[in-house]
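Let me begin by presenting the structure, written as structure tokens, before commenting on it.
The values are calculated or read from the model by the stated rules, or taken from the named source; none is laboratory data. As the structure is a prediction and not an experimental result, all values here were calculated from the model. Quick reminder, even Gly has a Cβ in these numbers, built from the backbone with ideal geometry, and neighbours come from all protein chains shown.
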Amino acid sequence: MKIMEFLSDGAISVDLKSVNKSDALKEMVDLLINAGELEKKDKGKVVELLLARESLGSTAIGHNVGIPHAKTDCIKNLVGAFGLSKRGVDFDSLDGEPVYIFFLLLAPQDSAGPHLKALARISRLIKDKYFRETLRQAKDKKDIVRIIETEDEKKI
């Protein structure tokens, strides 16, 4: 599975403004709404689901990366958003470090396979220090898409 198969290129930001977990999740959900992947009326419900998932344990996996995710009946297919924070977000990371790179995933309520494959795919790519550093240096949405597409081609 390639990241660009579920990452909406309309839901990419290289300048997240949020500095805390709740606001960062809201800002990322707004990216999906603005990209037409999620209806505005579902924002509160989706943010609540993401926060509920976070209460089980942070989705900040270390290396300044967070992969917040949830299942919801508000969508029909797996969708993703990408956010880059210049200042870093306090996301209760396992290593205590701020999160700069976010991949947010929403999966349909009744799907397991695609959701788990997407999490595994992102986790694998994120282990690559060069990939993380290149993402952090991205200047715009085009850079992000180019970087992810290049990695998608390399490591399937």
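Within the range 112-129, residues that are under 15 Å from residue 68 (Cα atoms) have Cβ atoms under 9 Å from residues that are surrounded by 13 or more Cβ atoms within 10 Å (Cβ to Cβ) and at pLDDT below 90 in these pairs: 117/1; 118/1; 120/1; 121/1; 121/152, counting only partners at least 6 apart in sequence or on another chain.
Being surrounded by fewer than 13 Cβ atoms within 10 Å (Cβ to Cβ) and closer than 18 Å to residue 11 by Cβ is the requirement here; does residue 76 meet it?
Details: surrounded by fewer than 13 Cβ atoms within 10 Å (Cβ to Cβ): yes; closer than 18 Å to residue 11 by Cβ: yes.
The answer is yes for residue 76.
Checked against (1) without any contact (Cβ under 8 Å) to a residue 12 or more places away in the chain; (2) out of contact with any helix residue (DSSP H, G or I) (no Cβ under 7 Å at 6 or more places or on another chain), residue 40 passes all but condition (2).
In the range 26-39, is there at least one residue being farther than 19 Å from residue 140 by Cα and among the small types (Gly, Ala, Ser)? Looking through the range 26-39, at least one residue is farther than 19 Å from residue 140 by Cα and among the small types (Gly, Ala, Ser). Among the residues of the range 37-54, at least one is at pLDDT 95 or above and closer than 24 Å to residue 151 by Cβ.
Scoring residue 139 on the criteria (1) more than 30 Å from residue 42 (Cα to Cα); (2) modelled with pLDDT under 95; (3) part of a loop (DSSP other than H, G, I, E, B); (4) not polar (S, T, N, Q) leaves a single failure, condition (2).
Only residues that are more than 25 Å from residue 124 (Cα to Cα) and in contact with a helix residue (DSSP H, G or I) (Cβ under 7 Å, 6 or more places away or on another chain) were counted across the range 43-78, and they come to 4. Quick check on my filter: what residues within the range 53-68 are buried (at least 21 other Cβ atoms within 10 Å of the Cβ) and touching a Leu at 6+ places or on another chain (Cβ under 7 Å)? Selection gives 60, 68. Scanning the range 94-104 finds one or more residues that are surrounded by 15 or more Cβ atoms within 10 Å (Cβ to Cβ), farther than 21 Å from residue 5 by Cα and of a type in the set (Asp, Glu).
Going by what's in this entry, would residue 130 be described as loosely packed, with under 15 Cβ neighbours inside 10 Å, closer than 23 Å to residue 14 by Cα and of a type in the set (Phe, Trp, Tyr)? Can you show your working first?
Working: loosely packed, with under 15 Cβ neighbours inside 10 Å: yes; closer than 23 Å to residue 14 by Cα: yes; of a type in the set (Phe, Trp, Tyr): yes.
Yes, satisfied.
Considering (1) among the β-branched types (Val, Ile, Thr); (2) in contact with a Ser or Thr (Cβ under 9 Å, 6 or more places away or on another chain); (3) more than 17 Å from residue 54 (Cα to Cα), the lone condition that residue 126 does not fulfil carries the number (2).
If the requirement is being farther than 20 Å from residue 30 by Cα and either in contact with a Lys or Arg (Cβ under 6 Å, 6 or more places away or on another chain) or of a type in the set (Phe, Trp, Tyr) (or both), which of these qualifies: 103, 131, 82? Don't jump to the end; show me each part of the working.
Details: 103 fails: farther than 20 Å from residue 30 by Cα; 82 fails: farther than 20 Å from residue 30 by Cα.
Selected residue: 131, the only one of 103, 131, 82 that is farther than 20 Å from residue 30 by Cα and either in contact with a Lys or Arg (Cβ under 6 Å, 6 or more places away or on another chain) or of a type in the set (Phe, Trp, Tyr) (or both).
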